[in-house]
Amino acid sequence: MDDAQPGQSLRLLDVAVTAMGGQHRPGQHEMAARVSEAIADGRHLLVQAGTGTGKSLAYLVPLIEHALAGSKPAIVATATLALQAQIVNRDLPRLLKAIGPELPRPVDVALLKGRSNYVCLHKLDGGFP
C-alpha cells in the first residue's frame, strides 16, 4: 500500500531522540518498526507498552513519514483529553523541531474538537444528522 520503510522511521526516531536529549530504547525502536510495517501493509496493530517506552514518538514518527509520503492527512485519536494535550502541546512541537530539517516539507498540525469532528459508527455507515 505504502512504500514506507521501517528503516527510515527508525532513522528519524534516532534523530528525534538524540535532539531531545533522550536515549536509545529497544522497545521504542521495535514499536516504531511495527507501526511503520502496519501502516505500509494497511493493517491494524495493537501495542501494549509500559510507561517510559516512548510510545508517542514511536507512533508519531512513522505516521508523519506516511502522511508526507502520501500527501494525505493522518489522524491521531486519543481516549483522553490529557493525552490529546500532551501530543499537541508537547510531543508534536518537540518532535517536529527535532526532525523538521530531515523532512521534505513542513508538517501542519491541527487539533479538531467539537461534535462535527468526531467519527462514530453511525457516521461511518453513512448516517448524518
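Things to note:
- Taking every full run of DSSP H in the chain, the ones that stretch at least 15 Å from end to end by Cα along their long axis and average 0.5 or higher on the Kyte-Doolittle scale are 6-19, 55-70.
- Taking every Cα-Cα distance in the stretch 33-83 and sorting them into 5 Å bins from zero, the calculated P(r) comes out as 4, 17, 27, 29, 15, 7, 1 percent.
- Lys, Arg +1 and Asp, Glu -1 on Cβ, resulting dipole of the chain about Cα centre, debye, nearest 20: 460
- Highest-fluctuation residue, Ala32, Ala69, Ala98 considered, GNM on the chain with Cα pairs under 10 Å: Ala69
- Three semi-axes of the equivalent ellipsoid, the stretch 6-129, Cα gyration tensor, whole Å, largest first: 25, 16, 16
Just so you know, all these numbers are worked out from the coordinates, no wet-lab data involved. Because the structure is a prediction, the values reported are computed rather than measured. Positions of Cβ are backbone-derived with ideal geometry, glycine not excepted, and every protein chain shown enters the neighbour counts.
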